[in-house]
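To start, I am sharing the structure in question, which I have written as structure tokens.
The values are calculated or read from the model by the stated rules, or taken from the named source; none is laboratory data. Everything quoted here is computed from the prediction, not taken from an experiment. Quick reminder, even Gly has a Cβ in these numbers, built from the backbone with ideal geometry, and neighbours come from all protein chains shown. These accessible areas exclude ligands, DNA and RNA; they are computed on the full protein's heavy atoms, side chains included. Shrake-Rupley method; radii C 1.70, N 1.55, O 1.52, S 1.80 Å.
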Amino acid sequence: MTTTTQPQTTAGSVRVDRDRGRAMLAVGLALVALVALAAAPYFIGPGITTDWGNLFYLVTLASMWNLLAGYAGMLSVGQQGFIGLGAYGVFVFNDRGVNPYLSAVIAAAVVAAIAFPVSYLAFRLRGGYFAIGTWVIAEVMRQIIVRFESLGAGKGRTISAYTEDPILRKAYTYWLALGVMAVALAAGYALLRSRTGLALQSIRDNEPAAGAVGIRVSRVKRLVFIASAAGCAAAGAVICIRSLGVAQPNEIFGVGYSAIMIFAVVIGGIGTIEGPVVGAVVYYLLDKYFGQSGVWYFVGLGLVAILVTLFLPKGIWGELASRWHLSLLPVGYRTRSTPHPTGWLTARDHRP
Amino acid sequence: MTPQPGGTAPILELVDVGKSFGDLRVIERVSLAVPSGQALGVVGPNGAGKSTLLNVIAGQERASRGSVHLDGADVTRRSPDERCRLGIGRSYQIPRPFTHLTVFENALVAAQYGGRLRGKAAQAAALDALAVAGLLPASNVPSGQLPLLGRKRMEMARALATQPRLLLLDEIAGGLTEAEADELVGTISSLKRTGINIIWIEHVVKALVQVVDRLVCLASGVLIKDGAPDEVLKSEEVLRVYLGSELE
């Protein structure tokens, strides 16, 4: 069943372009970068690579929050719940004899399974209520975790069995952080280029209308909620392994992680794939060079956030992309050889 | 209305449908059968419950009483997305574009999900729908940048891209110039000829009567008149609810 009648302009002559060439090029370059970064521990000292690991989990976290808020319209302030569960998951499986790196992967999978029932709870709320609700859920997770004596009971604890050799340990940890980031970015990009990506953006832009064009709104949102939880859990596990344990449950379950994620995504450019990466790099650099400046550091972060929202409302990447029509990782569709726009339509394509 | 020969189920049947919001009864016991192939127009003064009726048919609102049947199947408890996949496409009176997606992507997502099409077939269906709505030249424009007329056209294109058997149009002619309204009438008439069933709510009665075979008038949630368009418009009941002003 088609809806064709006798259109004045024929649809048959139009070609749909997905920018496959540019996407392949970007993916190719990303793979080269990945290989180079993976080889880094063989050439660069563990001090520097360990520092990069910091950046990798920030990029992971920012991308996961962007997936939720920037593409699915779910403003969560509770991703630290999944970060904390991921971190504590390392202990759970490590205590059973699994090495910490594999434990991180298992923990992420288990947290994904936990996120499934949690989504039913969280999805009863919308907008600001959803945001607060996720925060409360994260707090409940912390409260449950600190009941367990075996998990340090609110005092934090260390990983019991890890790689003895410090050089190897740091290399493994670096590769884990890199791998988690690579998988998070690749999966995010694949998701957004897929059919589901279009559905997600439709839901973000207008949820009732998304339902009216046949999208199973809750199912698509749930998929992203679970994926984001798994990514945050993996990042949490990385954070835990990097410091050989959790010093303070309040910290790993702290709302500060949500603040970092929101900061990075807003600074970089919400709703783009590149934006959170840029934002995470900015945050990483600010933290690295000014993190020890006490209260002025936070004043500076606040100032950056205010200035960017005032003068670059689309974020750094968003602004660059729309000014120069940049897109390293195209997700959209473009029709070619359409006739020239007439009259009441805007001719220029402003899309980033 | 008499059922069509052959005894096929009406494309849409409302049985004793009511909708209340708390104590406010917006629709009271509406029963209506639309035989396959018939284009139905709905008129009525502001606040008569027309858009609510459309929401009850498409599933955005669930009927407080009674039942809704699509092609003989009871869809009263079905969600809007299920109803869309079953063949109900709708437009919104106040356009609801997916603002960050291009016009083409708006139509494409509708074809992929509502129309259950994949790959090239979905793309072709989206392009066809845009062509029908006269939006092909604007394919790559982010829909948030469309002016109102463009958004209204896109509402129709997106509904068409879901490959509907029943197309619900909610005041898409409002604010058009005479020439634009004539063009729209031509478009909807040709859709009707392709076998899509149409239910059209419209204040611009002049455009409406050129397309529909049958007209119902809704006032305060009650169907007060049902019949041939000119007959309904001339009836005393209908003139009374409009106070003789709007339909002249």
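Per residue of B:119-129, how many C-beta atoms from partner chains lie within 10 Å of its own C-beta, taken as a mean?
5
Continuing with the same structure: Below 14 angstrom from the Cβ of A:PRO208, what's the summed charge of the other residues (Lys, Arg +1; Asp, Glu -1)?
Result for the neighbourhood of A:PRO208: +3.
Keeping every protein chain present and rolling a 1.4 Å probe, give me the accessible area per residue for chain A in Å².
47
Same structure again: What are the residues whose amide H is under 5 Å from the amide H of B:GLU61, where those residues sit 5 or more places off or on another chain and H is modelled from the backbone?
B:VAL56
Something else: Pick out, in residue order, every one of the chymotrypsin sites (Phe, Trp or Tyr not before Pro) in segment A:71-152 that is DSSP loop and has at most 10 other C-beta atoms within 10 Å; say none if there are none.
Sparse-neighbourhood loop chymotrypsin sites (Phe, Trp or Tyr not before Pro): none present.
Output the antiparallel fraction of DSSP beta bridges having both residues in the protein assembly as shown, as a percent to the nearest 5.
60
Using only C-alpha positions, report the orientation-averaged shadow area of the convex hull of the protein assembly as shown, nm², one decimal.
Averaging across all directions leaves 31.1 nm² for the Cα convex hull.
Right, here's the next one. Taking a probe of 1.4 angstrom, what is the accessible area of A:ILE132 in Å², to the nearest 10?
100
Further question on the same structure: What is the average number of partner chain Cβ atoms found within 10 Å of a Cβ in B:192-203?
So the per-residue partner count for this stretch is 1.
Now a separate question. A:GLN248 versus A:TYR42, label points 7 Å from Cα toward the beta carbon: distance in nm?
According to this spin-label approximation, the distance is 4.1 nm.
Please go through segment A:84-145 and write out the trypsin sites (Lys or Arg not before Pro) that DSSP classes as loop and that have at most 16 other C-beta atoms within 10 Å.
Loop-located and lightly packed - A:ARG96, A:ARG124, A:ARG126.
A further question follows. Counting Lys +1, Arg +1, Asp -1, Glu -1, what net charge surrounds A:ARG124 among other residues with beta carbon under 14 Å of its beta carbon?
+3
Further question on the same structure: What's the carbon and sulfur percent of chain B's accessible surface, probe 1.4 angstrom, rounded to a whole number?
Using a 1.4 Å probe with all protein chains present, chain B comes out at 50 percent carbon and sulfur.
Which of the residues in segment B:92-106 show a loss of at least 40 Å² in accessible area from their chain by itself to the complete set of protein chains, at a probe of 1.4 Å?
B:ARG96, B:PHE98, B:HIS100, B:LEU101, B:PHE104, B:GLU105
While we're here: Provide the buried accessible surface between chains B and A in square angstrom, both chains summed, 1.4 Å probe, rounded to the nearest 100.
Buried area between the two chains comes out at roughly 4400 Å².
Which log10 I(q)/I(0) values does segment A:144-294 give at q = 0.08, 0.10, 0.12 Å⁻¹ under the Debye formula, counting every alpha carbon as one identical point scatterer?
-0.32, -0.49, -0.69
To continue, here is another question. How long is the gain from A:ARG323 to A:LYS155 if the chain were fully straight, where each residue apart is worth 0.36 nm and the alpha carbon distance is subtracted?
Extra length from A:ARG323 to A:LYS155 when fully extended: 55.5 nm.
Considering only protein heavy atoms, what is the solvent-accessible area of A:GLU319 at a probe of 1.4 Å, reported in Å² to the nearest 10?
30
Can you put A:HIS325, B:HIS69, B:HIS100 in order of accessible area, largest first, using a 1.4 Å probe?
Sorted by accessible area, descending: B:HIS100, A:HIS325, B:HIS69.
Cross-link candidates for B:LYS206: which lysines have Cα within less than 23 Å, leaving aside residues fewer than 8 places away along the same chain?
In chain and number order, the partners are B:LYS50, B:LYS152, B:LYS192, B:LYS225, B:LYS234.
For B:ARG90, what residues show an amide H to amide H distance below 5 Å, using hydrogens built from the backbone and excluding near sequence neighbours?
Correct list: B:LEU168.
Something else: How well do other chains shield peptide B:140-146, expressed as the mean number of their Cβ atoms within 10 Å of each residue Cβ?
Shielding by partners across B:140-146 averages 6.
Nearest 5 is fine: what % of DSSP beta bridges in chain B come out antiparallel, could you say?
Just about 55 percent of them are antiparallel.
Once you treat every alpha carbon in segment A:38-329 as an equal point and sum by Debye, what is log10 I(q)/I(0) at q = 0.08, 0.10, 0.12, 0.14 Å⁻¹?
-0.33, -0.52, -0.76, -1.04
Would you tell me the accessible area of B:ASP182, worked out with a 1.4 angstrom probe on the heavy atoms of the protein chains, in Å² to the nearest 10?
Solvent-accessible area, nearest 10 Å²: 90 Å².
Something else: Give a residue-ordered list of calculated ³J(HN,Hα) values for segment A:140-152 (Karplus: 6.51 cos²θ - 1.76 cosθ + 1.60, θ = phi - 60°; whole Hz; x for Gly, Pro).
Calculated HN-Hα couplings, in order: 4, 4, 4, 4, 5, 4, 6, 6, 8, 4, 5, 9, x Hz.
Rank A:THR196, A:THR49 by accessible area, highest first, at a 1.4 Å probe radius?
Reading off the accessible areas and sorting them downward yields A:THR196, A:THR49.
Hey, another quick one. Return the calculated 222 nm mean residue ellipticity for the protein assembly as shown, to the nearest 500 deg cm²/dmol, obtained by summing -39500 (n - 2.57) across DSSP H runs with n ≥ 4 and dividing by the residue count.
About -17500 deg cm²/dmol.
Report, in cubic angstrom per residue, the convex hull volume of the C-alpha atoms of chain B.
Enclosed volume per residue, from the Cα hull, is 126 Å³.
When DSSP assigns beta bridges and you keep just the ones with both residues in segment B:157-248, what percent turn out antiparallel, to the nearest 5?
Around 50 percent antiparallel, to the nearest 5.
While we're here: If the cut-off is 17 Å between C-alpha atoms, which aspartates and glutamates fall inside it for A:LYS155, apart from same-chain ones fewer than 8 positions away?
A:GLU139, A:GLU251
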